[in-house]
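The values are calculated or read from the model by the stated rules, or taken from the named source; none is laboratory data. Values in this document were obtained by computation on a predicted structure and should not be read as measured data. Cβ sites come from the backbone with ideal geometry, for glycine too, and all protein chains shown count toward neighbours.
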Amino acid sequence: MAAAETSENHGVLVVFTSPADPSREDEFNAWYTGTHVPEIVEKVDGISGAQRYQLGNGSPEGPRPYLALYTLTEPAEKVQAAFFAALPTFTMSDAIAGDPVLAFYDARD
């Protein structure tokens, strides 16, 4: 995701997640990367791609062990409306804990 270098980057959607159970981590990651990310990019106008991250070993504990950064090609307010309108159509998995933390950010100079 090198979109931060283009003039089309209007901001990011930041999402912190975790698997429902540590024993389901592989299932969680397969669903998130193989189903969830492509579905969001396809269904939400103003999101052009995403990059996922995992909390590094030895790092202080974060809000959740996984982070996804989605590149916004429209202002955050517009993408947020599109995201929540599309939310009922997403294919969800019970492998994800039900408490993701998300925020929409506009880019600044």
How many of the residues in the stretch 55-95 are among the basic types (Lys, Arg) and touching a Gly at 6+ places or on another chain (Cβ under 8 Å)? 1
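Taking the stretch 27-60 on its own, how many of its residues are surrounded by fewer than 20 Cβ atoms within 10 Å (Cβ to Cβ) and within 21 Å of ALA95 (Cβ to Cβ)?
Applying the first criterion (surrounded by fewer than 20 Cβ atoms within 10 Å (Cβ to Cβ)) to the stretch 27-60 yields 27, 29-31, 33-35, 37-39, 41-43, 45, 48-49, 51-60.
From the residues that got through so far, the ones that are within 21 Å of ALA95 (Cβ to Cβ) too are 27, 29-31, 33-35, 37-39, 41-43, 51-55.
Qualifying residue count, the stretch 27-60: 18.
Working only within the stretch 23-66, note down all residues that are part of a helix (DSSP H, G or I), charged (D, E, K, R) and within 20 Å of GLY11 (Cβ to Cβ). Please lay out each step first, then the result.
Kept after step one, since they are part of a helix (DSSP H, G or I), are these residues of the stretch 23-66: 23-43.
With charged (D, E, K, R) added as a condition, the list becomes 24-27, 39, 42-43.
Selection gives GLU42, LYS43.
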In the stretch 67-109, residues that are among the polar types (S, T, N, Q), surrounded by fewer than 18 Cβ atoms within 10 Å (Cβ to Cβ) and not in a loop (DSSP other than H, G, I, E, B) total 1
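Quick check on the stretch 1-15: of everything there that is surrounded by 16 or more Cβ atoms within 10 Å (Cβ to Cβ) and outside any helix (DSSP H, G or I), which residue is modelled with the lowest pLDDT? Write out each step before concluding.
At the first step, the residues of the stretch 1-15 found to be surrounded by 16 or more Cβ atoms within 10 Å (Cβ to Cβ) are 3, 9-13, 15.
From what's left, outside any helix (DSSP H, G or I): 9-13, 15.
On the way: ASN9: 82, HIS10: 93, GLY11: 97, VAL12: 98, LEU13: 98, VAL15: 97.
Result: ASN9.
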Filter the stretch 16-26 for residues that are buried (at least 19 other Cβ atoms within 10 Å of the Cβ) and closer than 21 Å to ALA86 by Cα and give the result. THR17
